[in-house]
Amino acid sequence: MRRKPTQVHRFVQLTAVWGNGDADSTIKVSRRRCEAIRAGAEYTTSTRSWYEGRRQRVWWAFSGGKVSIGGGDGMQCVVALPVSELFAEMPPSP
């Protein structure tokens, strides 16, 4: 029996860096979601951040072409950063 070729899902990796460049966090989103975020769509997700070798949970919130990243106890890592200032690693085109 012949199998159908599986579709390869390609993700965009978005990274934010804050502080003196010693703290960062990265998420992966689909290309379609990335385009929507750049167009101003709202999207929220959670992941980990890294600071001096330690990790902690943070929340990313996109709205109006900007991103804010925060954590527990009212921690604000990034506030209203333009999405264009994130580091974006795009997958190679097929």
- Could you work out the relative contact order of the chain, using alpha carbon pairs under 8 angstrom and six or more residues apart, expressed as a whole percent? 26
- Message: Quick check on the chain: helices-only [θ] at 222 nm, where DSSP H runs of length 4 and up contribute -39,500 (n - 2.57) each and the sum goes over total residues. Nearest 500, please.
- Response: -2500 deg cm²/dmol
- Task: Would you order Asp24, Asp73 from fewest to most other beta-carbon atoms within 10 Å of each residue's own beta-carbon?
- Result: Asp73, Asp24
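By counting other Cβ atoms within 10 Å of each Cβ, how are Phe62, Phe87 ranked from fewest to most?
Working: Phe62 23, Phe87 11.
Taking fewest neighbouring Cβ atoms as first place, the list is Phe87, Phe62.
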- Message: Over the Cα atoms of the chain, what radius of gyration and what Dmax do you get, in Å?
- Response: 15.3, 57
- What is the gain in length, in nm to one decimal, between Glu35 and Glu52 on full extension, counting 0.36 nm per residue of separation less the C-alpha to C-alpha distance? 2.9 nm
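Computed from the coordinates by the stated procedures, all read-outs in this text should not be read as laboratory data. Computed from a predicted structure; not experimentally measured. All Cβ positions, even for glycine, are placed from backbone atoms using ideal geometry, and neighbour counts span all protein chains on display.
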